[in-house]
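Novice: Here's a structure for you.
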Amino acid sequence: MRKGLIAVVMVFALVMACNVQADSILFPWVIKDNAISTLISLVNTADPSPMKVRYHLIYEYKKTTANGQTEKCEEFDFCVPTSYNDVLVFDAAGNFNNGAALFGDTGGGSVTYKTVQANNSLALPVDGPRRAFLIVTNEIYTTEHCGNSVYVGIDDTLYGEAMVVDIANGAAWGYRAYNPYRYAGDWLNFSDNGVDPAALPSDAYGEVLDGADEMTQVVLMPPNNLCTKMFVTPVSAMQWAGNLGSSVYFFCSADDNTTFMGIFDDDENCISFDKKKNIVCTDGSFISHYVSSGAWITFVNTGGPGWAYVSADGYSALGVTPTEEVTIGKLEYRVGGTQIDSGSIVGTINNFVWLTSHATEAEATSGGTGCSDCENIY
């Protein structure tokens, strides 16, 4: 009798552990503007039978249209119904179909995409231009109150993609949403520090750079030929926050004993400087903002490409929660064409690279303007 009771308790505990698992994905870079849209694609593969499933969308967006690098974010969240094997595409900027589901999609079966906003919009309901990040989780629920569900979707049942569209110039770039492997119930933890019992990394593809023991590298195209922006969103074990702060910086040496902040030119010279970029919530800035003005002029005048190691520290300020973990994307673009040596490229160029990280034993310790003839898009 006692053994039977223990078995029942153990089964109940296992069922509850399964039920409190969540799958959540992070879109680190969402852009809202009249001329720029961010198309969000969501796929749900959680089968909630006999219960129901919904998406819980959490936007964290810059407080003002100034989008200052250390400006905190505010939050807007809501739920929308979905179903097993459903795909949903919408414009987070609201330029297409007022933010409602695209391509004539109204749901499937008894599921309709009903939201708390007018026209059933899923867009970020603030004026632009605005930078933001978006968290999406799938809740298997028994209560109608959004975000107050006892049951949530099993891990690895959400997939997402983002396409950032330059409407005016007819160009786009995109990325796959970050889906960490997490312990049961840890649905807001996007840190790469935790591992599952099989010792798999949380960020299986190195999506998160942890400045404590990781770094990455970046190639810098000649500024006279291509514009380059860095998109950075700090990451933590509690991502539902608009005040996460990080400092991102370039350096020339990954040696254990010496770190030279700077960038290499194409003659292997380290153009040194002492500057780091402080970021709160999310940011998208020209590469020149990471470099001192004198060093930037020197680099531009070389006329060639460069490269650097990249790492991060936590950034502390009043009301800011420091974290040394970040997601970093590099956008290379040019509107109206450009020259590459004797060859001409006509039209708009867009190339986006998610800078994935790898571990190092280095202890990397951690302005200006560029592309004066580039349109300030994205």
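Novice: Taking residue 123 as the residue in question, decide whether it is under 20 Å from residue 147 (Cβ atoms) and out of contact with any His (no Cβ under 6 Å at 6 or more places or on another chain).
Specialist: Yes; evaluated as a whole, the condition is true for this residue.
This table checks each residue for (1) assigned by TED's automatic domain parsing to the domain that holds residue 247; (2) crowded, with 17+ Cβ neighbours inside 10 Å; (3) assigned to a loop (DSSP other than H, G, I, E, B); (4) modelled with pLDDT of 50 or more.
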| residue | (1), (2), (3), (4) |
| --- | --- |
| 333 | yes, yes, no, yes |
| 344 | yes, no, no, yes |
| 347 | yes, no, yes, yes |
| 352 | yes, yes, no, yes |
| 364 | no, yes, yes, no |
| 368 | no, yes, yes, no |
| 371 | no, yes, yes, no |
| 374 | no, yes, yes, no |
| 377 | no, yes, yes, no |
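Novice: Just give me the residues in segment 291-331 being crowded, with 23+ Cβ neighbours inside 10 Å, of a type outside the set (A, V, I, L, M, F, W, C) and over 23 Å from the mean Cα position of the chain (by Cα), in sequence order.
Specialist: The one that is crowded, with 23+ Cβ neighbours inside 10 Å, of a type outside the set (A, V, I, L, M, F, W, C) and over 23 Å from the mean Cα position of the chain (by Cα): 306.
Novice: Regarding segment 229-252, can at least one residue be identified that is modelled with pLDDT under 95 and farther than 28 Å from residue 174 by Cβ?
Specialist: Within segment 229-252, one or more residues are modelled with pLDDT under 95 and farther than 28 Å from residue 174 by Cβ.
Per-residue answers, yes or no, for (1) touching a Phe, Trp or Tyr at 6+ places or on another chain (Cβ under 9 Å); (2) at positive phi; (3) at pLDDT 95 or above:
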| position | (1), (2), (3) |
| --- | --- |
| 3 | no, no, no |
| 7 | no, no, no |
| 11 | no, no, no |
| 14 | no, no, no |
| 19 | yes, no, no |
| 28 | yes, no, yes |
| 39 | yes, no, yes |
| 48 | yes, no, no |
| 60 | yes, no, yes |
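Novice: Limited to segment 30-42, what total is found for residues that are assigned to a strand (DSSP E or B) and closer than 19 Å to residue 232 by Cβ?
Specialist: Residues flagged as assigned to a strand (DSSP E or B) and closer than 19 Å to residue 232 by Cβ within segment 30-42 amount to 5.
Novice: Every residue in segment 211-246 that is aromatic (Phe, Trp, Tyr) and buried (at least 23 other Cβ atoms within 10 Å of the Cβ), please.
Specialist: 231
Novice: Within segment 110-165, take every residue that is modelled with pLDDT under 90 and among the aliphatic types (A, V, I, L, M) and give me the one that is farthest from the chain's Cα centre (by Cα).
Specialist: Only one residue tops the list, namely 111.
Novice: Residues being in a strand (DSSP E or B), among the hydrophobic types (A, V, I, L, M, F, W, C) and modelled with pLDDT under 85: count how many of those fall in segment 166-205.
Specialist: Qualifying residue count, segment 166-205: 1.
Novice: So the check is Cβ under 9 Å with 6+ separation or different chains; which pairs have a first residue in segment 116-138 that's on the phi > 0 side of the Ramachandran plot and a second one that's charged (D, E, K, R)?
Specialist: So the pair list comes out as 120/114.
Novice: Related question: Taking only segment 65-87 into account, find how many residues are polar (S, T, N, Q), loosely packed, with under 15 Cβ neighbours inside 10 Å and over 16 Å from residue 283 (Cα atoms).
Specialist: So the answer is 1.
The values are calculated or read from the model by the stated rules, or taken from the named source; none is laboratory data. Not measured: the values here are computed from a predicted model. Reconstructed Cβ throughout: ideal geometry from the backbone, glycine too, with neighbour counts over all protein chains shown.
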